[in-house]
Amino acid sequence: MNKFFKLALIFLSIIFANNISVAQTLEAEFVKQEVIKAVEADMIQKGFVDVEVDVLGIPFNSLELPEGKFRMVIIENQGSGYSKRCIKALRIYVNDSLIRAFGVPLEIKAYKEALVATKEIGLGKTINATNVEMKKVEVDGNHNNLVDMRVLNNGDIVSSKYYRAGQPIDKRFAKIKSDVQKDEYVTVVFDMKNNLKV
């Protein structure tokens, strides 16, 4: 399998043979397994820790190809997102001539390591090592909003929503705890030489 390379689109190229000089038959099961390997490898490269890909259909049982060197290319839009159900465009070439192009429907389960609440965390409550743990979770299209343990190294964070036990922490609903909290008393000291100190 070739390395992934990027142009306007990301091409996941799979080279199956270097020099084929006789007519050949491409079996659907072979195409299915190669698509699974290519999509899983691409998603692991994008930061997912585990991926399960299921090909829901190939539009042929076998495909007769002319003689020559053939390759398959999966084309997808650039980015790190994904959908649990999606269709990838697959192109089959022989001697760099397009032989067949079709959509391959996929079902994808993807997982990342993320901070997960170990018990209920109320609105405005502190999130720290006492009420969260790192855990592998199945993620959806919002996977970029997951929080990892490094965030807690910068101090406690505060929830801006209610979390149930087992729910991943979403960085859109958590913020670094500020030095001064709402309704806390603040001491103000006036120093006439150096202006105002708080």
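The values are calculated or read from the model by the stated rules, or taken from the named source; none is laboratory data. Fair warning: this is a prediction, and the values are worked out from it, not measured in the lab. Because the Cβ atoms are built from the backbone with ideal geometry, glycine has one as well, and the counts that use them run over all protein chains shown.
So here's what we get for this one:
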| read-out | value |
| --- | --- |
| Selection count where residues are at pLDDT below 90 and in contact with a Ser or Thr (Cβ under 7 Å, 6 or more places away or on another chain), scope the range 66-80 | 1 |
| Residue selected from the range 50-63 under the condition exposed (fewer than 14 other Cβ atoms within 10 Å of the Cβ) and closer than 19 Å to E138 by Cβ, by the criterion farthest from the chain's Cα centre (by Cα) | L56 |
| Residue check for K193: of a type in the set (K, R), assigned to a strand (DSSP E or B), more than 17 Å from E113 (Cα to Cα) and at pLDDT below 85 | no |
| Filtered residue count, the range 143-187, keeping only those that are at pLDDT 80 or above, of a type in the set (S, T, N, Q) and exposed (fewer than 14 other Cβ atoms within 10 Å of the Cβ) | 1 |
| Test result for S13, of a type outside the set (A, V, I, L, M, F, W, C), part of a loop (DSSP other than H, G, I, E, B), at pLDDT below 90 and outside the structural domain of D170 (by TED's automatic domain parsing) | no |
